[in-house]
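One structure is given below, encoded as structure tokens.
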Amino acid sequence: MLLNAQEPQLLRDYLVRRGWIDESESITTLEKPGEGNMNYILRISTPIRSLIVKQARGYVEKYPTIVAPAERAIIEGHFYEAVQDVPMLAEQMPHLLGLDPENNILVLEDLGRARDYTNLYQPGQLLGDDEQVVLTEYLANLHHHFAVVTPTPVLRNKAMRALNHEHLFVYPFQIDNRFDLDTVQPGLQELAMSYKTDSALKTAIQRLGDVYLADGPTLLHGDYYPGSWLRTDAGPKIIDPECCFYGPPEYDLGVFVAHLQLANQPESTRKRVLTVYRETASFDEKLCQQFSAVEIMRRLIGLAPLPLPLSLDQKAQLLTDARKAFV
Ligand SMILES: Nc1ncnc2c1ncn2[C@@H]1O[C@H](COP(=O)(O)OP(=O)(O)OP(=O)(O)O)[C@@H](O)[C@H]1O
Ligand SMILES: [Mg+2]
């Protein structure tokens, strides 16, 4: 079964068969709920409910030539299941309403027409004080809780982790990865070259990549950045744990603070996040800085750079600062 918005009758039959809607319900609207690259995702409304239905295929939805593990949707579903018994985490995420492992489909509670937080990258946009606290406490609670719970083997998410490892620790530092960064911004390729040819840096990053690949002490969200946060009337909610894995908490925290920097948030925000996090869970500051640095590098000079409104000089400064985490 391939989800297809062009075939509403088949879709309705499928949802009824699975028991996710009643025989008597008709589909009133079908729409794309928001921007995403990886998966096929629909908001399906009937007169009495609205569902978010997400299907992973064996490739990246937006770039079908890139192979990706189809079971990621089911692993994402298991993450939602795992947090369901932990009120502090469950209330920050949509509820899981259904899972179909055969077709790699998961069904989620619709959090409404909320936008994600990617507008934070635009000039003048600030993450509010309360939002900083909610987002940090979610992460601290997640890490703290799962450090003492017996691991669920499927959440090791080995195949997605291997794919992400390539994008984080390998491609950005390859001299010829066939992606011309000048198509993103003229001059970016040359700027990147000094990192791609820095063998001491590459050795350090390879070692860090090995830490990422080795299982670590707790469950991580795995992609904790503004695209995984939804701005709802009830405050920020967290979605899309398809990259989750058991790893070092410094990874999630590092990615979080990397995006505060990429979004040009005040230094006080980063400090606050680290302080609030420390109230619940401890962490290795150097390791956090290194994961943060790699996230900044890959988002600037990796294969799918973030579309940031930054000048080449600003990117150069971010890269220079990131490099310092490895001295
Ligand atoms: N439970 C939900 N309630 C409301 N909107 C949602 C929900 N889940 C997802 N969306 C919307 O759909 C968008 C894409 O969702 P999601 O990030 O899960 O997809 P994805 O394909 O995994 O994306 P990516 O390529 O960024 O990994 C979100 O940014 C949001 O706008
Ligand atoms: Mg995703």
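The values are calculated or read from the model by the stated rules, or taken from the named source; none is laboratory data. Since the model is a prediction, treat every value here as computed from it, not as a measurement. Heads up, the Cβs are rebuilt from the backbone with ideal geometry, glycines too, and the neighbour counts pull from every protein chain shown. What goes into the accessible areas is simple: the full protein's heavy atoms, side chains included, and nothing from ligands, DNA or RNA. Shrake-Rupley method; radii C 1.70, N 1.55, O 1.52, S 1.80 Å.
Output the residues belonging to the stretch 166-209 that are part of a helix (DSSP H, G or I), within 30 Å of residue 76 (Cα to Cα) and out of contact with any helix residue (DSSP H, G or I) (no Cβ under 6 Å at 6 or more places or on another chain). Even if it seems obvious, please write down each step before you answer.
Initial filter on the stretch 166-209 (part of a helix (DSSP H, G or I)): 166-173, 181-183, 188-196, 199-209.
From what's left, within 30 Å of residue 76 (Cα to Cα): 166-173, 205-209.
Passing the criteria: 166, 167, 170, 171, 206, 207.
Residues of the stretch 78-114 being more than 27 Å from residue 143 (Cα to Cα) and within 13 Å of ligand 1 (Cβ to nearest atom), which ones?
Here is the first cut: in the stretch 78-114, the ones more than 27 Å from residue 143 (Cα to Cα) are 100, 102-103, 112-113.
Selection gives 112, 113.
Pick out the one residue from 52, 75, 66, 44 that is within 13 Å of ligand 1 (Cβ to nearest atom), open to solvent by 50 Å² or more (accessible area, probe 1.4 Å) and β-branched (Val, Ile, Thr).
Working: 52 fails: open to solvent by 50 Å² or more (accessible area, probe 1.4 Å); 75 fails: open to solvent by 50 Å² or more (accessible area, probe 1.4 Å); 44 fails: open to solvent by 50 Å² or more (accessible area, probe 1.4 Å).
Within the list 52, 75, 66, 44, the selection yields 66.
How about the stretch 144-165: which of its residues are closer than 16 Å to residue 241 by Cβ, part of a loop (DSSP other than H, G, I, E, B) and not hydrophobic (A, V, I, L, M, F, W, C)?
Of everything in the stretch 144-165, those that are closer than 16 Å to residue 241 by Cβ, part of a loop (DSSP other than H, G, I, E, B) and not hydrophobic (A, V, I, L, M, F, W, C) turn out to be 151, 152, 157.
Here are 281, 263, 304: which of them is touching a residue at least 12 places away in the same chain (Cβ under 8 Å) and closer than 28 Å to residue 145 by Cα?
On the way: 263 fails: closer than 28 Å to residue 145 by Cα; 304 fails: closer than 28 Å to residue 145 by Cα.
Answer to the selection: 281.
Report the residue count in the stretch 16-41 for those that are within 16 Å of ligand 1 (Cβ to nearest atom) and farther than 16 Å from residue 73 by Cβ.
Taking the stretch 16-41 first, the residues within 16 Å of ligand 1 (Cβ to nearest atom) are 20, 29-41.
Now drop any that are not farther than 16 Å from residue 73 by Cβ, which leaves 29-32, 34-35.
Count: 6.
What is the one condition in (1) touching a strand residue (DSSP E or B) at 6+ places or on another chain (Cβ under 9 Å); (2) open to solvent by less than 40 Å² (accessible area, probe 1.4 Å); (3) within 30 Å of residue 113 (Cα to Cα) that residue 235 does not satisfy?
Failing condition for residue 235: (1).
Considering 248, 236, 241, which residue is away from ligand 1 (no atom under 16 Å from the Cβ) and in contact with a helix residue (DSSP H, G or I) (Cβ under 8 Å, 6 or more places away or on another chain)? Show your work before the answer.
Values: 236 fails: away from ligand 1 (no atom under 16 Å from the Cβ); 241 fails: away from ligand 1 (no atom under 16 Å from the Cβ).
Result: 248 is the single residue among 248, 236, 241 that is away from ligand 1 (no atom under 16 Å from the Cβ) and in contact with a helix residue (DSSP H, G or I) (Cβ under 8 Å, 6 or more places away or on another chain).
Is it true that some residue in the stretch 201-220 is modelled with pLDDT of 95 or more, of a type outside the set (Ser, Thr, Tyr) and on the phi > 0 side of the Ramachandran plot? If you could, list the steps in order and put the result at the bottom.
If we filter the stretch 201-220 for residues that are modelled with pLDDT of 95 or more, which is where we start, we get 201-220.
Those still in the list that are of a type outside the set (Ser, Thr, Tyr) too: 201-202, 204-211, 213-217, 219-220.
Restricting the remaining residues to those that are on the phi > 0 side of the Ramachandran plot gives none.
Checked against the condition, which is being modelled with pLDDT of 95 or more, of a type outside the set (Ser, Thr, Tyr) and on the phi > 0 side of the Ramachandran plot, the stretch 201-220 yields no hits at all.
Considering only residues of the stretch 33-82 that are among the small types (Gly, Ala, Ser) and away from ligand 2 (no atom under 16 Å from the Cβ), which is farthest from residue 231 (Cα to Cα)? Spell out how you get there, then give the answer.
Step one: filter the stretch 33-82 for residues among the small types (Gly, Ala, Ser), giving 34, 36, 45, 50, 56, 58, 68, 70, 73, 77, 82.
Imposing the further condition that a residue be away from ligand 2 (no atom under 16 Å from the Cβ) reduces the set to 45, 50, 82.
Values: 45: 21, 50: 18, 82: 23 Å.
It comes out as 82.
Please give the number of the condition residue 19 fails out of (1) closer than 30 Å to residue 280 by Cα; (2) modelled with pLDDT of 95 or more; (3) surrounded by fewer than 19 Cβ atoms within 10 Å (Cβ to Cβ).
Residue 19 satisfies every listed condition except (1).
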